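Input: a single structure, listed below in structure tokens.
The values are calculated or read from the model by the stated rules, or taken from the named source; none is laboratory data. These numbers come from a predicted model, not from an experiment. Every residue, glycine as well, gets a Cβ built from its backbone with ideal geometry; the counts of neighbours run over all protein chains shown.
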Ligand code: SF4
């Protein structure tokens, strides 16, 4: 069977690109089973027996020690920081993004499935490329990036590597960020938040049933949003609106009201889906749906709501306005920043401080 052979080959190949994990992200549970480990890197908290792997398939138990992804990237790319998307972090700056392989979810519409579904989908062709933190920082500096971002696959499942990279990045004056599904744990946040400036979470639906279809649980994501905000790490939320999956008025209102209850200052990005990977037949998201969601966000009390992926078609919802006097503070078309008018993080007209990281 050629497909099975491809998967086995990839697993062997990936096993070379690992390091040992350490507390708090794993702990022995040998009182339950000799050599067994509990992984705490994501909300699945997998019990992994010797010779086995976790749900993400990239963390392995080898004779009672947990081997985790390390020392490689599957891809790197220079992006506008707006593409992450962070709209309240140094507008117009650039981020060097890197991703590894694997994910703890299996979303049928994943736009990065070619790396995130490694070891789960025989069609994945991405392979590890060796690197180290110094090289990533050097590339970032040479290309004019001010941030290193762990993205494309789920960064929580490779948190040891991200922390290792971010320690060097911080020392070199770079900002650091996660683009994550938010399936975090207390142990993972304790491990990574001290080294993170910004965290983006996908709030994919407000129905637990929907999350379970994707491989997660709603309660873990809501917990992460509250914890990361309470910690003080800058947080922005994205909801990719998929026709028929998560775009009813009721569900959008629930998402917005939850976010506003955590803080009305959390930016909420509602973005347009296009058919991809295994999710076809529902059509792409129309601009009207984004506008409807954006208005529901405002009604719920959110001060900063953005509509993405359909540049030029979403009225004023690409721009940042002062919530008090309505002055346009950052004018955007898509990922392009036309006019950043903030003065020291405040509205130049009425001096209201705007939440975010502006320098
Ligand atoms: S990262 Fe999550 S899915 Fe992977 S082994 Fe750990 S708990 Fe399981």
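Outside the structural domain of residue 81 (by TED's automatic domain parsing) and farther than 21 Å from residue 262 by Cβ, is that true of residue 342? In short, yes. Scanning the range 324-335 for residues that are farther than 9 Å from residue 347 by Cα, surrounded by 16 or more Cβ atoms within 10 Å (Cβ to Cβ) and free of Cβ contacts under 8 Å to residues at least 60 places away in the same chain yields one hit, 331. From the set of residues in the range 21-44 that are surrounded by fewer than 23 Cβ atoms within 10 Å (Cβ to Cβ) and part of a strand (DSSP E or B), which is nearest to the ligand (Cβ to nearest atom)? Top of the filtered list is 38.
Within the option set 104, 121, being free of Cβ contacts under 8 Å to residues at least 60 places away in the same chain, crowded, with 17+ Cβ neighbours inside 10 Å and under 15 Å from residue 56 (Cβ atoms) holds for one residue only, 121. Just one of the listed residues (291, 296) is in contact with a helix residue (DSSP H, G or I) (Cβ under 8 Å, 6 or more places away or on another chain) and at negative phi, namely 296. Scanning the range 56-76 for residues that are without any contact (Cβ under 8 Å) to a residue 60 or more places away in the chain and either within 7 Å of the ligand (Cβ to nearest atom) or closer than 21 Å to residue 117 by Cβ (or both) returns 60, 67, 72. Set side by side, the residues 291, 296, 302 differ, and just one is surrounded by 17 or more Cβ atoms within 10 Å (Cβ to Cβ), over 20 Å from the mean Cα position of the chain (by Cα), without any contact (Cβ under 8 Å) to a residue 40 or more places away in the chain and assigned by TED's automatic domain parsing to the domain that holds residue 188, which is 291. Examine the range 45-55 for a residue that is crowded, with 24+ Cβ neighbours inside 10 Å, within 16 Å of the ligand (Cβ to nearest atom) and in contact (Cβ under 8 Å) with a residue 12 or more places away in the chain, and state whether such a residue exists. The answer is yes; a qualifying residue exists. Within the range 252-277, the set of residues being crowded, with 17+ Cβ neighbours inside 10 Å and under 18 Å from residue 108 (Cβ atoms) comprises 271, 272, 273, 277.
Given 166, 245, which one is modelled with pLDDT under 95 and either within 19 Å of residue 302 (Cβ to Cβ) or crowded, with 17+ Cβ neighbours inside 10 Å (or both)?
Details: 166 fails: modelled with pLDDT under 95.
Of 166, 245, the one residue that is modelled with pLDDT under 95 and either within 19 Å of residue 302 (Cβ to Cβ) or crowded, with 17+ Cβ neighbours inside 10 Å (or both) is 245.
Just so you know, in the range 181-203 the residues that are within 12 Å of the ligand (Cβ to nearest atom) and under 15 Å from the mean Cα position of the chain (by Cα) include one that is nearest to residue 22 (Cα to Cα), and it is 188.
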